[in-house]
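Asker: Below you will find the structure I want to go over with you.
What follows is calculated from the coordinates using simple rules that are stated; it is not laboratory data. Keep in mind it's a predicted model, so treat the numbers as computed, not measured. For neighbour counting, all protein chains shown are included, and Cβ atoms are generated from backbone atoms with ideal geometry for every residue, glycine included.
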Amino acid sequence: ERAHIGVTGLAVMGRNLARNFARHGHTVAVHNRTSAKTRALVDEFGHEGTFLPADTAEEFVTLLEPPRRLVIMVKAGAPTDAVIDEFAALLEPGDMIVDGGNAHFADTRRREAALRERGIHFVGTGISGGEEGALLGPSIMPGGSPESYAALGPILEDIAAKVDGVPCCTHIGPDGAGHFVKMVHNGIEYADMQLIAEAYDLLGRAAGLRPAEIAEVFKGWNSGRLESYLIEITAEVLAHTDADTGRPFVDVVQDRAEQKGTGRWTVQTALDLGVPVSGIAEAVFARSLSGHTDIRAAGRGLPGPTPGTLDGEAAARFADDVEQALYASKIVAYAQGIHQIEAGSTEYDWAIDPGKVAEIWRGGCIIRARFLNRIREAYDSPRRPDSLLSAEYFRDALAGAQDAWRRVVATSAELGIPAPGFAAALAYYDGLRSPRLPAALIQAQRDFFGAHTYRRVDRDGSFHTEWSGDRTEHAV
Ligand code: NBP
């Protein structure tokens with residue numbers, strides 16, 4: 001008997017993916033550098049399906065039915081290159097290597113090109129949903145060639161999460177497209193988490209609610225248009241009491257957020273592509289600021305406004321205002337992420353369909369949310385919007401939310417409670433709305449000190465003014 005698919009790298013993710021394949025009736029070859037993990041998997045979960053364990057790479061490859069489908073789930077970076085090199089030497093033209101780790105899309109493009117020369121399909125695949133998603137159904141974002149998707153798609157769609165019967169897996173586009181979209185997914189996840197954190201902070205510090213009360217507010221939101229995994233788990237975290245101290249759990253956690261780097265990659269890539277992902281950037285910077293205990297200690301004594309909270313009536317209205325601000329800012333975060341996906345797609349010729357991306361993010365992944373249906377609809381419509389914000393549903397939602405959104409940003413500034421995500425999202429919205437931007441002045445300044453030229457509103461061509469001379473204007 002030979003295996004339909006093989007998984008090498010049996011830490012939490014690989015092990016659960018292998019079990020997921022087996023539970024769906026696929027015979028799975030399993031392998032890990034340290035073979036104790038391979039045996040442990042078979043001993044513990046062998047009853048869930050058919051596993052074919054291999055101690056060596058050579059044995060592993062012979063267990064796979066050709067064309068071979070091999071999933072690598074090892075640490076991203078050098079370990080992934082080492083494992084690819086080891087297996088590529090053992091594979092034949094037509095075989096497929098799926099890298100399900102969190103690779104940078106540029107690495108995926110490099111690896112895909114190198115393996116293509118040898119006739120091997122390299123399928124960089126974003127997998128979201130963490131440990132539990134890997135076992136019960138993740139959101140899967142495969143890149144690579146269309147031929148490889150024809151052979152792999154059905155198996156991957158089998159194990160993916162399903163929403164309304166639709167698998168959360170689709171061929172994103174060639175070479176690095178899958179890992180690129182996974183990267184932006186994580187960037188949006190950073191923004192979403194930051195916005196939720198700001199909502200919690202404002203409800204606590206401006207409206208005076210305790211964590212258990214904020215949990216109730218979030219629970220209420222989760223039965224409305226904000227319904228999502230992140231809102232749901234936020235309510236659970238805020239309702240949790242620390243067993244040791246009896247205090248709200250969130251109050252005993254140190255206020256320093258760490259990051260593994262995919263949010264940073266999103267922003268770095270956005271800078272290279274010239275895409276304004278200000279909401280995602282603020283989220284990355286907010287985590288960064290939280291970790292700088294030294295400058296935070298120095299900053300603690302800086303003057304702020306007179307301390308205070310909202311009065312009774314304003315406090316009562318505030319939770320509703322924050323819901324509106326959160327929804328509006330979240331729409332902006334997605335609009336920015338989708339802009340980045342479209343820019344990447346143009347740059348690398350991937351032909352990514354943002355509607356399909358929204359569709360496969362509806363289940364399995366960390367940012368799964370009810371409102372992704374609305375994004376899919378916006379991009380399914382015959383007139384594809386230039387920005388998500390200009391699609392009818394979202395334009396109306398923002399119109400309805402904007403007064404409350406402005407009140408929340410103003411309140412945060414007045415009370416001295418940082419809300420960089422809400423504020424950046426609102427500034428982006430107002431930036432897009434503005435018929436004239438002060439960019440005119442910036443371009444004039446650039447012409448003044450660097451002769452960088454400018455364009456006029458009333459005539460074609462580029463111009464330069466002799467700023468240090470008689471201030472005459474020349475066409476250039
Ligand atoms: P880790 O990222 O912790 O990697 C551990 C695995 O890599 C083990 O199987 C280990 O083998 C293997 N490995 C290493 Br390290 N160096 C190796 C080498 N030179 N040659 C062969 N094998 C090597 O595992 P994970 O948390 O399961 O994540 C796997 C991938 O999935 C990562 O790229 C991660 O970024 C991505 N991912 C993780 C999550 C998540 O929630 N954890 C979610 C989505 C994606 P050993 O047992 O012999 O040491």
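Asker: Based on Cβ point charges of +1 for Lys and Arg and -1 for Asp and Glu, what charge dipole magnitude is obtained for the range 360-476 about its Cα centre, in debye rounded to the nearest 20? Mind dumping the intermediate values first?
Answerer: On the way: 17 positive and 14 negative charges, 122 e Å.
That gives the range 360-476 a dipole magnitude of about 580 debye.
Asker: I've got another one for you. Taking θ as phi - 60°, what are the ³J(HN,Hα) couplings along the range 127-139 by the Karplus curve (6.51, -1.76, 1.60), each to the nearest whole Hz, with x for Gly and Pro?
Answerer: 10, 10, x, x, 4, 5, x, 4, 7, 9, x, x, 8
Asker: I'm a student and want to see the number: the projected area of the Cα convex hull of the range 392-476, averaged over all directions, in nm². Could the numbers behind the result be given before it?
Answerer: Values: hull surface 35.5 nm².
Seen from a random direction, the Cα hull of the range 392-476 projects 8.9 nm² on average.
Asker: What is the magnitude of the charge dipole of the range 65-201 about its Cα centre, with +1 placed on the Cβ of each Lys and Arg, -1 on the Cβ of each Asp and Glu, and no other charges, expressed in debye to the nearest 20? Don't jump to the answer; show the numbers that get you there.
Answerer: On the way: 10 positive and 21 negative charges, 69 e Å.
Charge dipole of the range 65-201: 340 debye, to the nearest 20.
Asker: A further question follows. What value in Å³ per residue do you get for the convex hull of the alpha-carbon atoms in the chain?
Answerer: Working: hull volume 97.9 nm³, N = 476.
Expressed per residue, the convex hull around the Cα atoms of the chain is 206 Å³.
Asker: Tell me which of 422, 397, 432 sits at the most positive position along the dipole axis of the range 389-452, charges placed on C-beta atoms (Lys, Arg +1; Asp, Glu -1).
Answerer: In the range 389-452, that residue is 432.
Asker: Moving on. Just tell me which lysines come within less than 16 Å, Cα to Cα, of residue 356; anything on the same chain fewer than 8 places away is out.
Answerer: 162, 182
Asker: In straight Cα distance, which lysines are under 22 Å from residue 219, not counting same-chain residues fewer than 8 positions off?
Answerer: 330
Asker: If the reach is capped at under 18 angstrom between alpha carbons, list the lysines near residue 37, excluding any in the same chain fewer than eight residues apart.
Answerer: Filter leaves 75.
Asker: Give me the percent relative contact order of the range 45-157, please, defined on Cα pairs under 8 angstrom at least 6 residues apart. Let's see the in-between values first.
Answerer: On the way: 139 pairs, mean separation 21.9, N = 113.
Once normalised by length, the contact order is 19 percent.
Asker: Please report 27, 346, 108 as a ranked list, fewest other C-beta atoms within 10 angstrom at the top and most at the bottom. Don't jump to the answer; show the numbers that get you there.
Answerer: Numbers: 27 19, 346 12, 108 27.
Result, fewest neighbours first: 346, 27, 108.
Asker: Relative contact order for the chain: what percent, with Cα pairs under 8 Å and sequence separation of 6 or more? Working shown, then result.
Answerer: On the way: 837 pairs, mean separation 58.7, N = 476.
After rounding, I find 12 percent.
Asker: Find out how many positive minus negative residues lie around residue 367, taking Lys and Arg as positive, Asp and Glu as negative, among other residues whose Cβ is under 10 Å from that of residue 367. Present the calculation step by step, with values, prior to reporting the outcome.
Answerer: Numbers: positive: 330, 362, 368; negative: 189, 192.
Charge balance near residue 367 sits at +1.
Asker: If you don't mind, there's one more thing I want to ask. Just want the answer: with Cβ charges of +1 for Lys and Arg and -1 for Asp and Glu, which residue in 387, 212, 304 is farthest toward the dipole's positive end in the chain?
Answerer: 304
Asker: Given Cβ point charges of +1 (Lys, Arg) and -1 (Asp, Glu) and nothing else, what value in debye, to the nearest 20, does the dipole of the chain about its Cα centre take?
Answerer: Numbers: 48 positive and 65 negative charges, 79 e Å.
In debye, rounded to 20, the chain gives about 380.
Asker: Oh, and also: Can you tell me, using C-alpha contacts under 8 Å and at least 6 residues apart, the relative contact order of the range 300-383 as a whole percent?
Answerer: Answer for the range 300-383 is 17 percent.
Asker: If you take the C-alpha gyration tensor of the range 309-433, multiply each eigenvalue by 5 and take the square root, what semi-axes do you get, largest first, in whole Å? Spell out each step's value before the answer.
Answerer: Values: eigenvalues 183, 43, 35 Å².
Working through the eigenvalues yields semi-axes of 30, 15, 13 Å.
Asker: In addition: Using helices alone, what [θ] at 222 nm do you get for the chain, with -39,500 (n - 2.57) per DSSP H run of 4 or more residues, divided over all residues and rounded to the nearest 500?
Answerer: Values: 20 runs with 264 residues, N = 476.
Calculated at 222 nm, the ellipticity per residue is -17500 deg cm²/dmol.
Asker: Name the residue farthest towards the positive end of the dipole of the range 79-177 from the options 96, 123, 174, assuming +1 on Cβ of Lys and Arg, -1 on Cβ of Asp and Glu, about the Cα centre.
Answerer: 174
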